[in-house]
Structures are given as structure tokens and as C-alpha cells.
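First up is the structure itself, then whatever we jot down about it.
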């Protein structure tokens, strides 16, 4: 029974590590998305960083990415930035890949 327990604990630890990594990837993507959107809205420096923080925080409203999408799309629309739903969702997908790669590279050393 000990081997089974050891294996179960190993799987649980791996699952927890993967969930934590996914959370970090999502937060990193949201920061990159916030900085991208801030640039489109004409925000720079501290204002861009503050906006990126708002985008990160918006992800805690509900599960999934829709809360982040609504936040960024609403803000882009208010600023009259010409971004379609497709463009924004594509940028979110692309930045998720970028964030995952950045964190993977950072973990390697």
C-alpha cells in the first residue's frame, strides 16, 4: 500500500505544480495583454503598468477568460480603438503562448 500512497502523493504534487504554473501563465498573459491594450489606448509608463494590473485583477471575477475579454474590450471601445472581437481574442491566444514560453524559459534557467 505504501507504493500506491507514494505514487498518489507524487501525482497530487505534480497536479498542484501544473495548476500553479497555469495560474502564473494566465497572470503573465493578462499583464502582456494589459500592456498591449494600454499601448493602443495611448497609455505609457506608470499608467500602462497600472492598467496591466487592472487587467490581471479582472481575471478574478469569474472562471475562464471572459472577464478579462470584457474588461479589455470595454476599455478599448471606450478609447475608440478599432479592435474587433476576433483581433482581441487572437491577441489573447497569441499572448498565452508567449507567456507560457517566457515562463518555461525562465524556469529552465
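So the values come out like this:
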item: Enumeration of residues in the range 1-18 that are surrounded by fewer than 10 Cβ atoms within 10 Å (Cβ to Cβ) and within 23 Å of residue 102 (Cα to Cα); result: none
item: Every residue from the range 41-67 that is in contact with a helix residue (DSSP H, G or I) (Cβ under 6 Å, 6 or more places away or on another chain) and in a helix (DSSP H, G or I); result: 48, 51, 52, 55, 56, 58, 67
item: Qualifying positions in the range 1-30 - touching a residue at least 24 places away in the same chain (Cβ under 8 Å) and closer than 15 Å to residue 95 by Cα; result: 24, 25, 26, 27, 28, 29, 30
item: Some residue of the range 82-105 being closer than 19 Å to residue 43 by Cα, modelled with pLDDT under 95 and loosely packed, with under 11 Cβ neighbours inside 10 Å; result: yes
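The values are calculated or read from the model by the stated rules, or taken from the named source; none is laboratory data. From a predicted model like this one, the values you see are computed outputs, not experimental measurements. Cβ atoms come from the backbone with ideal geometry, glycine included; neighbour counts cover every protein chain shown.
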